[in-house]
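Quick notes on the structure that follows.
The values are calculated or read from the model by the stated rules, or taken from the named source; none is laboratory data. Computed from a predicted model, the values in this text were never measured in an experiment. Here the Cβ positions follow ideal geometry from the backbone for every residue, glycine too, while neighbour counts run over all protein chains shown. Calculation scope for accessible area: heavy atoms of the full protein, side chains included, ligands and nucleic acids excluded. Shrake-Rupley method; radii C 1.70, N 1.55, O 1.52, S 1.80 Å.
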Amino acid sequence: MLETGIKGKKEIVVTKEKTAKTMCSGALDVFATPAMIALMENTAFESVADKLDPGCGTVGTALNVRHVSATPVGMKVTCETELIKVDGRALTFSVKAYDETGLIGEGEHERFIIFEEKFQAKANAKLAK
């Protein structure tokens with residue numbers, strides 16, 4: 001059973017591949033909002049992955065974040081997550097991202113515990129329709 005307080009942390013370096021220009025979310029060579037969101041989701045996902053029953057995983061279901069500061073290529077970004085609510089299989093995380101000068105993004109992210117094989121089968125069934 002998952003309990004609140006589980007924390008995650010992950011660091012990356014902003015590369016050209018993670019810029020707004022490359023990810024088509026803007027025209028500048030700064031850390032893209034989609035890249036920040038992916039980092040937040042991945043950090044939350046990894047923080048609880050080894051605490052789940054075999055065959056279970058989590059999928060993202062909601063995200064409400066603000067990207068408050070630009071980060072240039074070459075700078076390190078650190079993401080920190082904390083599981084703040086467990087409601088059955090629904091998980092809510094506080095998510096924050098920092099570059100070497102301070103906060104760049106923050107908000108909440110929701111994930112849902114799924115049975116991986118059943119979830120994949122249901123998704124694949126859409127191909128038959």
Checklist (1) under 10 Å from the mean Cα position of the chain (by Cα); (2) closer than 21 Å to residue 23 by Cβ; (3) among the β-branched types (Val, Ile, Thr) applied to residue 73, failing item: (1)
Could you go through segment 58-65 and let me know if any residue there is farther than 18 Å from residue 101 by Cβ and free of Cβ contacts under 8 Å to residues at least 24 places away in the same chain. no
Selected residue (criterion: farthest from residue 101 (Cα to Cα)) from residues of segment 1-15 that are open to solvent by 100 Å² or more (accessible area, probe 1.4 Å) and outside any strand (DSSP E or B): 1
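Tell me which residues, restricted to segment 16-41, are open to solvent by 50 Å² or more (accessible area, probe 1.4 Å) and either assigned to a helix (DSSP H, G or I) or closer than 30 Å to residue 115 by Cβ (or both). First the steps, then the outcome.
The first filter runs over segment 16-41 and keeps only residues open to solvent by 50 Å² or more (accessible area, probe 1.4 Å), leaving 16-18, 21-25, 27-29, 33-34, 38, 41.
Within segment 16-41, 16, 17, 18, 33, 34, 38, 41 qualify.
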Those residues of segment 102-128 which are within 16 Å of residue 36 (Cα to Cα) and open to solvent by 50 Å² or more (accessible area, probe 1.4 Å), in sequence order: 103, 106, 108, 110
For residue 49, the lone unmet condition from (1) open to solvent by 40 Å² or more (accessible area, probe 1.4 Å); (2) in contact (Cβ under 8 Å) with a residue 12 or more places away in the chain; (3) within 19 Å of residue 1 (Cβ to Cβ); (4) among the hydrophobic types (A, V, I, L, M, F, W, C) is (2)
